[in-house]
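These notes concern the structure reproduced below.
The values are calculated or read from the model by the stated rules, or taken from the named source; none is laboratory data. These numbers come from a predicted model, not from an experiment. Cβ atoms come from the backbone with ideal geometry, glycine included; neighbour counts cover every protein chain shown.
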Amino acid sequence: MYWHKNPFWFKWIWPRYVWHRPTSARQLYITFDDGPIPEVTDWVLETLKAYEARGTFFCVGDNIRKHPAVFRKVLADGHSVGNHTFNHLSGWKTDFGPYIANVQLCQQAMSQPPKLFRPPYGRISRQQAYLLQQDYQIIMWDVLSGDFDKNLSPEKCLQQSIQATQPGSIIIFHDSLKARKNLEYTLPRYLDYFKEKGYSFENL
């Protein structure tokens, strides 16, 4: 069970997390979780380039370790990157110390100054968040594409992503093998739809 559009009361309960960027301008913030993955991330980069779009990639540290050249290409193409833990850990299932250590391990793999962090599955304890917010903005989302859902058709993935989007939305896609089918159908059509309406796609 998941929402394509987060309920408004999420922002009331967790106001210190970033759920969207308040703006009246036609700007969107596309993000990608779980990479970098050869071929999938490479395809995403080429697609973004074709639409003159910038994105933010929340990277798993172990994937950076395995595929450093792909990670470097993300940076070289002018996109932002964020920390997604080293082993894609759920904060609800991981004790405080090991969780923080895993975040730090990912940051070492990135060799980037701390700035952006997204907890895998959106699950993080208050204690974990309190410490991490000293160094990071915790970035959530208000639109979840559902590209990872094998029971969701590519057409429905696109339709629901478009319907849930509004100016300033932060939307999640996944540059992962699991999401590849829906991603490859949805992303270019999503970009095309909103570009025709005068939207730009910006880094966080």
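Just give me the residues in region 90-124 being in a loop (DSSP other than H, G, I, E, B), closer than 18 Å to Phe32 by Cβ and touching a Lys or Arg at 6+ places or on another chain (Cβ under 7 Å), in sequence order. Give the steps one after another, and end with the answer.
Here is the first cut: in region 90-124, the residues in a loop (DSSP other than H, G, I, E, B) are 90-95, 111-115, 118-119, 123-124.
Subsequent filtering for residues that are closer than 18 Å to Phe32 by Cβ retains 112, 115, 118-119.
Hits for region 90-124: nothing passes.
Mind checking which residues of region 21-61 are within 14 Å of the chain's Cα centre (by Cα) and hydroxyl-bearing (Ser, Thr, Tyr)?
Tyr29, Thr31, Thr41, Thr56
Is region 150-164 home to any residue that is of a type outside the set (S, T, N, Q), modelled with pLDDT of 95 or more and in contact with a strand residue (DSSP E or B) (Cβ under 7 Å, 6 or more places away or on another chain)? Steps first, please.
The initial filter retains those residues of region 150-164 that are of a type outside the set (S, T, N, Q), namely 150, 152, 154-158, 162, 164.
Checking which are modelled with pLDDT of 95 or more leaves us with 152, 154-158, 162, 164.
After this cut, where a residue has to be in contact with a strand residue (DSSP E or B) (Cβ under 7 Å, 6 or more places away or on another chain) as well, the list is 164.
Yes - at least one qualifying residue is present in region 150-164.
State all residues of region 57-86 that are polar (S, T, N, Q) and either at pLDDT below 95 or crowded, with 24+ Cβ neighbours inside 10 Å (or both); if no residue qualifies, say none.
Across region 57-86, the qualifying residues are Asn63, Asn83, Thr85.
Please tell me if Gly146 is surrounded by fewer than 15 Cβ atoms within 10 Å (Cβ to Cβ) and either out of contact with any helix residue (DSSP H, G or I) (no Cβ under 7 Å at 6 or more places or on another chain) or outside any helix (DSSP H, G or I) (or both).
no
Does Gln104 satisfy the condition of being more than 27 Å from Pro167 (Cα to Cα) and either surrounded by fewer than 23 Cβ atoms within 10 Å (Cβ to Cβ) or under 16 Å from the mean Cα position of the chain (by Cα) (or both)?
yes
What's the number of the condition Gln137 fails, among (1) crowded, with 18+ Cβ neighbours inside 10 Å; (2) under 15 Å from the mean Cα position of the chain (by Cα); (3) on the phi < 0 side of the Ramachandran plot?
(1)
For residues in region 149-174 being under 18 Å from Ser200 (Cβ atoms) and more than 13 Å from the chain's Cα centre (by Cα), which is surrounded by the most Cβ atoms within 10 Å (Cβ to Cβ)?
Ser161
Name the pairs whose Cβ atoms lie under 7 Å apart, with the first residue in region 133-160 and more than 19 Å from Asn6 (Cβ to Cβ), the second surrounded by 14 or more Cβ atoms within 10 Å (Cβ to Cβ) and hydrophobic (A, V, I, L, M, F, W, C), and 6 or more positions between them or separate chains?
Tyr136/Leu116; Tyr136/Phe117
Go through the residues of region 118-130 one by one and say whether even a single one is at pLDDT 95 or above, of a type outside the set (Lys, Arg), within 17 Å of Asp175 (Cα to Cα) and surrounded by 23 or more Cβ atoms within 10 Å (Cβ to Cβ).
Within region 118-130, one or more residues are at pLDDT 95 or above, of a type outside the set (Lys, Arg), within 17 Å of Asp175 (Cα to Cα) and surrounded by 23 or more Cβ atoms within 10 Å (Cβ to Cβ).
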